[in-house]
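The structure under discussion appears below in the form of C-alpha coordinates.
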Amino acid sequence: MLNIGLILLLLGAILIVVEIATPGFFIAVPGTILIIYGLILTAFPWLLENPFVPWIMLFLSFPIGYLTYLIYRKLSPPSPPVTESYEGLIGKTGVVIETVKPYSLEGKVKIDSDTWSATSDVVIEPGRRVIVTGVEGVHLIVKPLKEEEQVNK
(Lines give C-alpha, C1' and ligand atoms only; values in the text may rest on other atoms or scores of the structure.)
Protein backbone atom coordinates (compact mmCIF):
# COMPACT_ATOMS: atom_id res chain seq x y z
CA MET A 1 0.00 0.00 0.00
CA LEU A 2 1.21 3.49 -0.88
CA ASN A 3 2.00 5.64 2.15
CA ILE A 4 0.22 8.99 1.66
CA GLY A 5 2.28 10.57 4.46
CA LEU A 6 5.53 9.91 2.59
CA ILE A 7 4.07 11.26 -0.64
CA LEU A 8 3.05 14.48 1.14
CA LEU A 9 6.52 14.77 2.68
CA LEU A 10 8.14 14.35 -0.73
CA LEU A 11 5.83 16.86 -2.42
CA GLY A 12 6.38 19.40 0.37
CA ALA A 13 10.15 18.99 0.13
CA ILE A 14 10.02 19.46 -3.66
CA LEU A 15 8.00 22.67 -3.28
CA ILE A 16 10.46 24.08 -0.75
CA VAL A 17 13.44 23.21 -2.97
CA VAL A 18 11.73 24.91 -5.90
CA GLU A 19 11.11 27.99 -3.71
CA ILE A 20 14.78 28.06 -2.71
CA ALA A 21 15.85 27.77 -6.35
CA THR A 22 13.42 30.48 -7.55
CA PRO A 23 12.67 32.86 -4.65
CA GLY A 24 9.46 34.80 -4.85
CA PHE A 25 7.47 31.91 -6.25
CA PHE A 26 5.56 31.73 -2.91
CA ILE A 27 5.28 27.96 -2.66
CA ALA A 28 7.20 27.51 0.58
CA VAL A 29 4.03 27.88 2.65
CA PRO A 30 2.09 25.11 0.87
CA GLY A 31 5.27 23.03 0.92
CA THR A 32 5.53 23.46 4.68
CA ILE A 33 1.87 22.52 5.15
CA LEU A 34 2.40 19.36 3.09
CA ILE A 35 5.44 18.46 5.18
CA ILE A 36 3.48 18.95 8.43
CA TYR A 37 0.61 16.79 7.16
CA GLY A 38 3.07 14.23 5.81
CA LEU A 39 4.74 13.94 9.22
CA ILE A 40 1.39 13.57 10.97
CA LEU A 41 0.12 10.91 8.54
CA THR A 42 3.42 9.02 8.63
CA ALA A 43 3.36 8.94 12.43
CA PHE A 44 -0.37 8.19 12.68
CA PRO A 45 -1.47 6.36 9.50
CA TRP A 46 -4.70 5.20 11.17
CA LEU A 47 -6.00 8.80 10.94
CA LEU A 48 -6.93 8.20 7.31
CA GLU A 49 -9.45 5.57 8.39
CA ASN A 50 -11.67 8.38 9.71
CA PRO A 51 -13.66 9.93 6.83
CA PHE A 52 -13.62 13.37 8.48
CA VAL A 53 -9.82 13.72 8.76
CA PRO A 54 -9.27 14.93 5.14
CA TRP A 55 -11.92 17.63 5.73
CA ILE A 56 -10.37 18.60 9.05
CA MET A 57 -6.93 18.82 7.39
CA LEU A 58 -8.38 20.97 4.60
CA PHE A 59 -9.90 23.45 7.05
CA LEU A 60 -6.79 23.44 9.26
CA SER A 61 -4.56 24.23 6.27
CA PHE A 62 -5.75 27.85 6.27
CA PRO A 63 -4.74 28.74 9.84
CA ILE A 64 -1.59 26.59 9.57
CA GLY A 65 -0.75 28.33 6.31
CA TYR A 66 -1.26 31.75 7.87
CA LEU A 67 0.95 30.88 10.85
CA THR A 68 3.61 29.51 8.51
CA TYR A 69 3.43 32.70 6.46
CA LEU A 70 3.94 34.80 9.61
CA ILE A 71 6.93 32.67 10.64
CA TYR A 72 8.55 32.98 7.20
CA ARG A 73 7.91 36.72 7.26
CA LYS A 74 9.70 37.03 10.61
CA LEU A 75 12.61 34.93 9.33
CA SER A 76 13.03 37.04 6.21
CA PRO A 77 11.36 40.44 6.48
CA PRO A 78 10.89 42.18 3.16
CA SER A 79 13.41 44.94 2.64
CA PRO A 80 12.59 48.07 0.71
CA PRO A 81 14.23 48.18 -2.68
CA VAL A 82 17.38 50.25 -2.77
CA THR A 83 16.90 52.75 -5.52
CA GLU A 84 18.40 56.14 -5.91
CA SER A 85 17.59 58.32 -8.84
CA TYR A 86 20.45 60.09 -10.46
CA GLU A 87 18.72 63.43 -9.88
CA GLY A 88 18.83 62.77 -6.13
CA LEU A 89 22.63 62.91 -6.32
CA ILE A 90 22.75 66.53 -7.48
CA GLY A 91 24.41 68.59 -4.76
CA LYS A 92 26.11 65.63 -3.08
CA THR A 93 29.85 65.55 -2.66
CA GLY A 94 32.19 62.68 -3.35
CA VAL A 95 35.77 61.72 -4.03
CA VAL A 96 37.30 60.99 -7.42
CA ILE A 97 38.70 57.44 -7.54
CA GLU A 98 39.57 57.36 -11.26
CA THR A 99 40.57 60.47 -13.20
CA VAL A 100 37.55 62.39 -14.47
CA LYS A 101 38.05 63.87 -17.95
CA PRO A 102 35.89 66.01 -20.22
CA TYR A 103 33.78 64.02 -22.72
CA SER A 104 34.81 60.71 -21.17
CA LEU A 105 32.85 58.18 -19.13
CA GLU A 106 35.97 56.52 -17.73
CA GLY A 107 36.08 58.74 -14.64
CA LYS A 108 34.75 57.29 -11.40
CA VAL A 109 33.47 59.13 -8.34
CA LYS A 110 32.64 57.57 -4.99
CA ILE A 111 29.61 59.09 -3.27
CA ASP A 112 28.78 57.57 0.11
CA SER A 113 29.42 53.86 -0.55
CA ASP A 114 28.51 53.84 -4.25
CA THR A 115 30.75 54.34 -7.26
CA TRP A 116 29.41 56.30 -10.23
CA SER A 117 30.82 57.10 -13.65
CA ALA A 118 31.36 60.81 -14.09
CA THR A 119 32.49 63.48 -16.47
CA SER A 120 33.50 67.11 -16.01
CA ASP A 121 34.50 70.22 -17.91
CA VAL A 122 38.03 69.90 -16.53
CA VAL A 123 40.40 67.08 -15.67
CA ILE A 124 40.04 66.06 -12.00
CA GLU A 125 42.65 63.78 -10.46
CA PRO A 126 41.94 60.92 -8.00
CA GLY A 127 41.61 61.94 -4.35
CA ARG A 128 40.05 65.30 -5.17
CA ARG A 129 36.64 66.10 -3.69
CA VAL A 130 33.88 66.99 -6.15
CA ILE A 131 30.26 68.08 -6.11
CA VAL A 132 27.58 66.71 -8.45
CA THR A 133 26.16 69.48 -10.61
CA GLY A 134 24.07 67.48 -13.03
CA VAL A 135 23.17 64.20 -14.65
CA GLU A 136 23.59 63.23 -18.26
CA GLY A 137 22.17 59.85 -19.21
CA VAL A 138 23.59 57.36 -16.73
CA HIS A 139 26.62 59.31 -15.56
CA LEU A 140 27.18 62.29 -13.32
CA ILE A 141 28.51 65.71 -14.17
CA VAL A 142 30.84 66.92 -11.44
CA LYS A 143 33.02 69.89 -10.67
CA PRO A 144 35.89 70.13 -8.22
CA LEU A 145 35.29 71.74 -4.86
CA LYS A 146 37.31 74.85 -4.07
CA GLU A 147 40.43 74.40 -1.99
CA GLU A 148 38.83 75.65 1.27
CA GLU A 149 35.86 73.32 0.72
CA GLN A 150 38.31 70.43 0.23
CA VAL A 151 39.67 70.93 3.73
CA ASN A 152 36.32 71.60 5.45
CA LYS A 153 34.45 68.58 4.12
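The values are calculated or read from the model by the stated rules, or taken from the named source; none is laboratory data. On a predicted model such as this, the values are computed, not experimentally measured, just so you know. Ideal geometry is used to build each Cβ from the backbone, glycine not excepted, and the neighbour counts take in all protein chains shown.
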Problem set entry | Neighbours by Cβ (under 9 Å, 6+ apart or cross-chain): first from the stretch 103-130, more than 17 Å from Lys146 (Cβ to Cβ) and in the same structural domain as Lys92 (by TED's automatic domain parsing); second exposed (fewer than 13 other Cβ atoms within 10 Å of the Cβ) and small (Gly, Ala, Ser) | Leu105/Gly137
Problem set entry | Complete set of residues in the stretch 49-74 that are without any contact (Cβ under 8 Å) to a residue 12 or more places away in the chain and closer than 22 Å to Pro23 by Cβ | Tyr66, Leu67, Leu70, Ile71, Arg73, Lys74
Exercise. Does Leu48 fit the bill of being modelled with pLDDT of 95 or more and part of a helix (DSSP H, G or I)?
Worked result: no
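How many residues does the stretch 107-142 contain that are among the acidic types (Asp, Glu) and modelled with pLDDT under 90?
Going residue by residue through the stretch 107-142, those that are among the acidic types (Asp, Glu) are 112, 114, 121, 125, 136.
From what's left, modelled with pLDDT under 90: 112, 114, 136.
The total comes to 3.
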Problem set entry | Unique residue being small (Gly, Ala, Ser) and surrounded by 15 or more Cβ atoms within 10 Å (Cβ to Cβ) when the list is Ser117, Ser76 | Ser117
Exercise. Tell me, which residue of the stretch 37-65 that is among the polar types (S, T, N, Q) and under 38 Å from the mean Cα position of the chain (by Cα) is surrounded by the fewest Cβ atoms within 10 Å (Cβ to Cβ)?
Worked result: Thr42
Exercise. If you go through the stretch 15-39, how many residues are out of contact with any Asp or Glu (no Cβ under 7 Å at 6 or more places or on another chain) and part of a loop (DSSP other than H, G, I, E, B)?
Worked result: 4
